[in-house]
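Only one structure is covered here, and it is reproduced in the block below.
The values are calculated or read from the model by the stated rules, or taken from the named source; none is laboratory data. None of these values were measured; they are calculated from a predicted model. Methodologically, a virtual Cβ is constructed for each residue, glycine included, from the backbone with ideal geometry; neighbour enumeration extends over all protein chains shown. Calculation scope for accessible area: heavy atoms of the full protein, side chains included, ligands and nucleic acids excluded. Shrake-Rupley method; radii C 1.70, N 1.55, O 1.52, S 1.80 Å.
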Amino acid sequence: MELIALALVLALGGPGGVGGTGDVGPAERWWGNAVYYRIQVDSFKDSDGDGLGDLQGLTKQMSYVRALGADAVLLSAIAARSSDCTHPGVTDFTQIDNRYGDLNTFKSLIEKTQKLELKVVITLQLEAISVASEWYKLSVARNTGYEDRILWKEAKPDGPEHLNGLNWTWSEARGAQYAATDNGALLDLCVENTALALSTALCVWLKRGVAGVLLRVNRNFECTEKLVKRLAANARSCARGANLEVPVIIVESESSPAADGALYDYEGNGANSVISNALTSPTRPSGSDLAVAVLTDMFRFPQDMAPTWQTSITGGTRIATRYGSEMVDAINLLALILPGATIIQQGDELGAADTLLEWVSTTDCWPAKGEPSLAPFPWDDTPGAGFTKGQPWLPLATNYRYANAKTEFANELSHVGVVRVAAAMRKSPAMGPHTEIRRLGNALSVLRWGGSGSLLVVVNLARSQLDVELTNVPGLPPTMTVAASSGGSSVSTGGHVTIDKGLRLGAGDAVLLVGPARHCGGPGPVDKIANKLSEGWQKINKYFSNI
C-alpha cells in the first residue's frame, strides 16, 4: 500500500521546548538539515552468498554511503521474523533476525558508522506480531500482562470474519477471534501493557547505539497518537538515563488523518518535521503541480516544523521508473536543496530502475514481500551486480549494467556526481537560510539565499526543450557558475551562466548554479522586518528611560 503524503518526524527534545533543551531548537539539531540514506537491508549487500543482504555486507559498504554526503542511514526492519510462511511476521522486537546477523554484527555496524560520523536509524514495524511469537502465545493463554496485547474480540467460532474494517480469525485455544493481517496478529495499540512493552524495546535499541527509530503504524489514529506520545516520552527518559544523545523518532503512517492535514499534538515532545511526498507523485508532475505540492508542504504546518523531502516511497517506484531517467537529477537536486531534511531512497542516486517481478523464480514469502523497487543494489556490471555471489532473492534492475555504483562513481557527471555535489553544497556557506520558489513557465526554480553566496536550482519539468528567463528571479548576481547539471545537458559543469541571457534546458534537465550573495537593489523583506523590530525596541527603551 502506498504511503500517504505526510508522516510525522519527532525530534525528542527536553522540557525546555520544541526540539531540544535550553536554547537548542530544531534547526540546530543534526536531524534538522540531515541527509538520510534509506536502505533496504535485504537488497543492499550480501556477504555470504545466500542471495539476501545482511548486516555484514551493509557494514562493508558504509564508506559508500558516507561518500555520497549522507549524515545518517535509515535501515529497513531487521527485527526477528518468522521464516514459516504459514505464520509470518515479527517474533521479537528486540532481537535481530538471524538471516541478517546477530548482535555482534550489529555492534560492528555501529562502530563502523561512528568512525565515519554516520548516524543509524532503524525501523520498527509496530502493526502486528507473528502468531508464532511468545507474545501471541502468552496472550492466547491470558497470561497477566499479555492478555490484551493482541487485538481480541469475544465471538463464536462462526462469528463474522470481516468487521469494522478488520479481518478476524478464530483461536480455539483462547475461545475468541483475533484481528489478523498478512503479517500475523494485530497488536492492540490502545492498552497500557502494549505501550510499555514497545517502549522497553525502543530503549533497548537506543542503548545499542542507534540515533533514532522509524515507527511504522497504521490504525486507530487516537490510539496511535497516545502510543507515540508515550514512546516519545519514554525514549527521552531512556536517553537521559543512559546519558545518550537526544534521539529522533520518525513516525510513518498509511492511515488517513495526515492526509486530512491533522497533526499529532506531542505536547512539547518536539515535532519538528514532516515527511513530504511532494516529489513522489506516481505520475510526472507539471511545473505548476510540483510548485503547488512543494509550497503546500512548506507552509501548511507550524513554523517550527520543516519538511523532510523523500525521493521515492518505500514499496512505491524509483525515480527512473516513475518519471524516466531524464528526471533523476531534477528530483535529487530538489530534495537536497529545499529547506529541511532529505531522504534518498536506495538506488535513486544512481537512477536505478525497478525490476520486473515476472522474472521472479521463487515463491518464498520471506525475507519480505517482493516489490519491483526492492531490486538488489547494483554495485557493478558483473552478472550478480556485485550484490551477491549467489542467486539474488529478487531479479536485478533492468538497467543495472550502466546504472551501478562502480560505473557512476568514476564519472563526475553521473547521477551520483550530481548528488555528491548537491550534498556538499547544502553544507556550504552559500546555503542560505531563506528559500524562494518560483514557477518559470513549466520550469521550477528554488533559490537559497541569505548566506555568503546564492544557490539556485532550475529544473525543466516539460517534455520538450525550454528557454528559462532567469531575470524573473530578482536579485540574482549577473553571472553564476554551474556546480552540477544533468547528464547530457548542454549546460556544462564548471561553465558560467549569464542571467540576462536566459537558460536553455532540455526535457527533464536540471542545473545547480552557485554565485555571490543575492542583491535585491534595496532592503528585502527580512531587512524590513529587522528594521521595524529595531525601531520598536528603540521606542520601548525610550519609553522606559523616561519613567
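With viscosity 0.692 mPa s and temperature 37 °C, the Kirkwood radius over alpha carbon pairs of the stretch 135-181 converts through Stokes-Einstein to a diffusion coefficient of 307 µm²/s.
Of the accessible area of the stretch 430-522, computed with a 1.4 Å probe over protein heavy atoms only, carbon and sulfur atoms account for 47 percent. Spin-label model, Glu358 to Asp48: label points 7 Å out along the Cα-to-beta-carbon direction sit 3.5 nm apart.
Note on Asp148 and Thr498: the model spin-label points, each 7 Å out from Cα along the C-beta direction, lie 7.5 nm apart. Counting protein heavy atoms only, the stretch 64-117 has 46 percent of its accessible area on carbon and sulfur, 1.4 angstrom probe. Near Trp135, once Lys and Arg are set to +1 and Asp and Glu to -1 for all other residues with Cβ below 12 Å from its Cβ, the sum equals -3. Among residues other than Ala80 with Cβ under 10 Å from its Cβ, the summed charge is 0 (Lys and Arg +1, Asp and Glu -1).
Counting only Cα atoms, the size of the stretch 307-349 along its three principal axes is 26, 22, 13 Å, in decreasing order. As a calculated quantity, the FRET efficiency between Arg463 and Ser108 at R0 = 45 Å, using C-beta atoms, amounts to about 0.40. The trypsin sites (Lys or Arg not before Pro) of the stretch 407-438 that DSSP puts in a loop, and whose beta carbon has at most 16 other beta carbons within 10 Å, are Lys427. Computed from label points 7 Å out along Cα-Cβ, the spacing between Arg438 and Leu116 is 4.0 nm.
Calculated on the alpha-carbon coordinates, the convex hull of the stretch 394-523 measures out at 129 cubic angstrom per residue. Name all residues of the stretch 133-161 having a backbone nitrogen under 12 Å from the label point set 7 Å from the Cα of Glu192 along its Cα→Cβ direction, giving them as ranges. Residues 145 qualify, since their backbone N sits under 12 Å from the label point. Taking only the Cα atoms of the stretch 161-227, the ratio Rg/Rh comes out at 1.05, with Rh defined as the Kirkwood radius. Within the full protein context, the accessible area of Ser373 is estimated at about 20 Å² for a probe radius of 1.4 Å.
Between Glu222 and Ser83, the FRET efficiency estimated from the beta carbon spacing at R0 = 30 angstrom works out to 0.30.
A simple count of charges around Val251, restricted to other residues whose Cβ falls under 10 Å of its Cβ and scoring Lys, Arg +1 and Asp, Glu -1, yields -1. Treating r as the C-beta distance of Lys207 and Lys60 and R0 as 22 Å, the FRET efficiency rounds to 0.30.
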